[in-house]
Amino acid sequence: MRTILLPAALGLSLLAPAQKTDPKHTNYYKVPPPIETPEMLVEFKDPVAQMAMCKVRVQFTNKTPDYLLINASEIKFTIAGNSYSPKDRDFLIKPNDNISRTLEVTGSDLHADAFTLDFGGLSRVPRAGKAATLDDFDLPASQNTVGSGPFQLNLLNLEKTTAKTVAKFKVTYTGDKIALIDPSQVAVKIESGQQFANAASKSKEIMLSRGEEDTFNVIAEIPGKIVDMQFANMKLVWNKAFVETSAVPFRAGGASFTLDPGLTQGKN
C-alpha cells in the first residue's frame with residue numbers, strides 16, 4: 001500500500017478551520033470630499049462598518065430659499081455588489097438651514113474594504129405656489145369648519161380672554177401635490193378693520209402630502225385699551241397661509257468610501 005505524506009504545514013492548513021472575522025471588528029474609512037450642487041451641500045463624518053452594520057454621519061445644507069425633501073428609501077449603500085437602504089423616515093430641510101443624520105444600514109456581511117453611497121429621491125419644494133382662498137373665519141366661531149379645494153380646517157379649541165385669544169386648528173390636505181402651511185401669514189381682524197399679526201408667527205411651517213394632517217395655533221395678543229377680546233367679534237384672515245406646490249427632482253450623485261488601514265488598525 002502506498003502512503004502519501006503531506007508536508008506538515010499543508011496538513012495543518014487543511015485541518016485548521018477557516019479564520020472568521022470578529023463580528024465586532026470595525027472598519028474605518030477615509031472621509032470623501034463633500035458633494036455640492038446648486039441646491040445643497042453634503043458633508044460626511046465617521047464612516048464605519050462591522051459585519052452587521054455600515055453607517056456614516058451626513059450633514060445636509062440647504063442652499064436655497066425653498067424646502068428640500070429627501071426620500072430616505074432612495075438612498076443606496078452599495079457594499080460588495082449588494083444594495084441597501086436606510087430605514088429612516090423621509091426628512092425635510094428648511095430653507096437656508098442644515099440638518100445632520102446618521103445613515104445606517106444592516107445586514108450579515110457589511111465588513112467590506114469599500115462601499116459607495118448614492119443619493120436618489122431628492123426634491124426641491126418651491127415655497128411659491130398657488131395660494132388657496134379661504135373665507136374669513138369668525139371668532140367666536142359660527143361654525144367649526146372651513147375649507148377651500150384641497151384644504152380643510154377644523155377648529156379644535158378656542159380660548160378667549162381680555163388680552164389674549166388662542167385658536168387651535170387641524171388642517172387636512174386632500175390634493176395631489178404638496179401643501180405648505182405658514183401660520184405667520186394669518187392675521188386677526190377686529191371690527192374696526194384693524195389687523196394684528198399672528199403672535200404665534202414663529203410656529204413651524206407645515207408640509208403635507210395627500211391625506212396628511214397637522215395642527216397649528218393662531219394667537220391674538222391685543223391690548224385691552226384697543227379691544228376686550230373676551231367679548232369682541234373678530235375674524236381670522238388667512239391671506240396666503242395655504243399654498244399648493246409641486247416638488248422638483250434634482251440629482252446630487254454619490255460618494256465612494258475606501259478603507260483607512262492606519263485608522264482601522266489603530267482603533268482595533
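Over every pair of different alpha-carbon atoms in the stretch 133-237, take the mean of 1/r and invert it; report that Kirkwood radius in Å.
On the way: mean 1/r = 0.0708 Å⁻¹.
14.1 Å is the Kirkwood radius here.
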* So how far apart, in nm, are the two label points at residue 46 and residue 138 if each is 7 Å from Cα heading toward Cβ? -> 5.7 nm
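Determine, from the Cβ-Cβ distance of residue 113 and residue 57 and an R0 of 25 Å, the FRET efficiency 1/(1 + (r/R0)^6), rounded to the nearest 0.05. Each step should come with its number before you reach the end.
On the way: r = 20 Å, r/R0 = 0.81.
Efficiency, from the Cβ-Cβ distance: 0.75.
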* Label-point separation in nm, residue 204 to residue 25, each point 7 Å along Cα→Cβ -> 4.3 nm
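On full extension of the chain, what length is gained from residue 246 through residue 36, given 0.36 nm per residue of separation minus the C-alpha to C-alpha distance? List each step's numbers first, then the result.
Details: separation 210, 0.36 × 210 = 75.60 nm, distance 2.31 nm.
Between residue 246 and residue 36, full extension yields an extra 73.3 nm.
Want the number for residue 212 to residue 163: 0.36 nm per residue separation, take away the alpha-carbon distance, what's left? If you can, show how the numbers build up before the last one.
Values: separation 49, 0.36 × 49 = 17.64 nm, distance 3.36 nm.
Taking residue 212 through residue 163 to full extension adds about 14.3 nm, to one decimal.
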* Of 132, 25, 216, whose Cα points farthest to the positive end of the dipole of the chain (charges on the beta-carbon: +1 Lys, Arg; -1 Asp, Glu; origin at the Cα centre)? -> 25
* Which of 234, 245, 119 sits farthest toward the positive end of the charge dipole of the chain, with +1 on the Cβ of Lys and Arg and -1 on the Cβ of Asp and Glu? -> 119
* Asked: Could you give the semi-axes, largest first, of the ellipsoid that matches the stretch 33-165, computed as the square roots of 5 times the alpha carbon gyration tensor eigenvalues and rounded to whole Å?
  -> 44, 17, 14
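Which of the residue pairs 87/240; 130/170; 204/225; 94/164; 45/204 have a Cα-Cα distance greater than 27 Å in the structure shown?
87/240; 204/225; 94/164; 45/204
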* Loop-resident sites, the stretch 189-260, for GluC sites (Glu not before Pro), counting at most 16 other Cβ within 10 Å (DSSP) -> 191, 212
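With a cut-off of at most 11 other beta carbons within 10 Å, and DSSP calling the residue loop, which trypsin sites (Lys or Arg not before Pro) in the stretch 42-141 qualify? Please list them. Intermediate values should be presented prior to the final figure.
Numbers: sites: 45, 55, 57, 63, 76, 87, 89, 101, 124, 127, 130; in loops: 63, 87, 89, 127.
Qualifying residues, ordered by number: 87, 89.
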* Asked: Using +1 on the beta carbon of Lys and Arg, -1 on that of Asp and Glu, and nothing else charged, what's the dipole of the chain about the Cα centre, debye to 20?
  -> 480 debye
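Using the reciprocal of the averaged 1/r over all distinct C-alpha pairs, how large is the Kirkwood radius of the chain in Å?
Numbers: mean 1/r = 0.0438 Å⁻¹.
That comes to 22.8 Å for the chain.
Calculated from DSSP H runs of 4 or more alone, at -39500 (n - 2.57) each and per residue, what is the 222 nm mean residue ellipticity of the chain, nearest 500?
Using -39500 (n - 2.57) per qualifying helix, the result is -1500 deg cm²/dmol.
No value in this document is a laboratory result; all are computed from the given coordinates. Computed from a predicted structure; not experimentally measured. Every residue, glycine as well, gets a Cβ built from its backbone with ideal geometry; the counts of neighbours run over all protein chains shown.
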